[in-house]
Amino acid sequence: MFQKLEKQLIAGFDLEKNPFLYRRLVMTTALLVTTLFVFIAFIFINYSMGKYLLSVLDTLVVSATSVALYQLVSKKNLEFAASFVTSILFVFIVFFTYTNKNENFGIIWTLTYPLFVIPILGSRNGLLLLLVFFMIILPMAYLGIGEWDHGLWNRTAFLRYFIVVICVFFTAYFYESSSNSAYDSLIESQKKEQDYLNMLESLSVTDQLTKLNNRRYFDDQFEIEHEKILRYSSKLSLIMVDIDHFKQVNDDYGHQTGDTVLQEFSSLLLSQTRSTDLLSRWGGEEFMLLLPEIDVTSASHIAEKLRQAIEQHRFSHHKKLTASFGVAEVEPNIDSKREAILNVDSALYQAKQEGRNRVVIYHN
């Protein structure tokens, strides 16, 4: 039964983002339920004693508390419920202190107020309400010196009470503040850890020179796309690209210039492809393009477009470059992955053998 009530209470609240929210919910609900039953009892007690006005006031409190409880459980309005119950507690303790005087040292109950208010309202709002509360209670306590019944109540007793008020006040405040600070530090630490893990994951699937996807990432995505063509008989094509005479660039201009050319070449290819296509650095000066939902004829047109763009581009070392392209379609059978890579590699080899700077389609 209690588990069902708890599930209904926390439903609709994001407790993962704020672990202190659960505490606020439980404390607010507990105080509302307690207030409800206490004032229901007061209704009958005051009515039986002939205090009809107080009985009516108790009825109004019960009605208002019921509304607040409904707002919390059904409407998920925690702020309204929290403000209501702390206000009711405020009025009740002030009224109790005023009417009870120092009978059996009843003023001691005022020290419980910070223990509820700050956890329910939070440090800032709780602090403001407590300042108002003790601005009322402390003068009442001081003016009652020498008049309240039962127990020695003089300036020394008042000073002791005042010191305890300060201790309770700041203990509750700093406990809440330190808890929030500790939670913020934990969240920040977890965020940094997640950022670091994300960075490691990115490094593991990214080619550090060109910032393209690396071969490992290509293999993973190729597996996914291959499963799709097996299941849905969709189209899937591969384009393998190799920069012509790239070794000469390194020999003539140095490897640093060669790296710059590879970066420019990667950016040029990326700018000419769709967002759904997967461009990866295959190794050295070779690149692989995975084209979902594209047949071999359309893939060859894309390859020709890329070939022309490369041929017309002037790279930073002020020399023209060309590239050779192999194109192959992935067949929808279990062994087609390995075959497709061998096929597209064979088509690229043929393009180089035929004089480079051309597109060759693999044919069975």
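Brief remarks follow.
- Qualifying residue in region 324-332 (condition: within 25 Å of ARG274 (Cβ to Cβ), part of a strand (DSSP E or B) and of a type in the set (A, V, I, L, M)): yes
- Among the residues of region 283-306, just one is of a type in the set (Asp, Glu), touching a Leu at 6+ places or on another chain (Cβ under 9 Å) and over 17 Å from ILE341 (Cα atoms), namely GLU293.
- Filter pass, ASP335 being surrounded by fewer than 17 Cβ atoms within 10 Å (Cβ to Cβ), under 20 Å from TYR362 (Cβ atoms) and free of Cβ contacts under 8 Å to residues at least 12 places away in the same chain: yes
- The residues of region 121-130 that are within 24 Å of the chain's Cα centre (by Cα) and surrounded by 21 or more Cβ atoms within 10 Å (Cβ to Cβ) amount to a single one, LEU121.
- Count of region 118-139 residues which are farther than 17 Å from VAL85 by Cβ, modelled with pLDDT of 85 or more and touching a helix residue (DSSP H, G or I) at 6+ places or on another chain (Cβ under 8 Å): 5
- Residues in region 210-235 that are hydrophobic (A, V, I, L, M, F, W, C) and within 13 Å of MET288 (Cα to Cα): 3 in all.
- Going through (1) surrounded by 16 or more Cβ atoms within 10 Å (Cβ to Cβ); (2) over 42 Å from the mean Cα position of the chain (by Cα) one by one, ARG281 falls short only on (2).
- Hits in region 103-139 (condition: touching a Lys or Arg at 6+ places or on another chain (Cβ under 8 Å) and of a type in the set (Val, Ile, Thr)): ILE120
- Considering residues of region 311-323 that are part of a loop (DSSP other than H, G, I, E, B) and either at pLDDT 95 or above or polar (S, T, N, Q) (or both) only, the residue surrounded by the fewest Cβ atoms within 10 Å (Cβ to Cβ): SER316
- Flag for LEU115 being in contact with a Phe, Trp or Tyr (Cβ under 8 Å, 6 or more places away or on another chain), modelled with pLDDT of 80 or more and in a helix (DSSP H, G or I): no
- ALA182, sole failed condition from (1) modelled with pLDDT under 80; (2) more than 45 Å from the chain's Cα centre (by Cα): (2)
- Where helices (runs of 4 or more DSSP H) fall wholly inside region 1-108, the ranges with 1 or more residues that are modelled with pLDDT of 85 or more and more than 31 Å from the chain's Cα centre (by Cα) are 20-48, 52-73, 78-100.
- Residue selected from region 239-264 under the condition within 30 Å of ILE294 (Cβ to Cβ) and over 41 Å from the mean Cα position of the chain (by Cα), by the criterion surrounded by the fewest Cβ atoms within 10 Å (Cβ to Cβ): HIS245
The values are calculated or read from the model by the stated rules, or taken from the named source; none is laboratory data. A quick note: this is a predicted structure, and the numbers were derived from the prediction, not measured. Here Cβ is always computed from backbone atoms with ideal geometry, including for glycine, and neighbour counts include all displayed protein chains.
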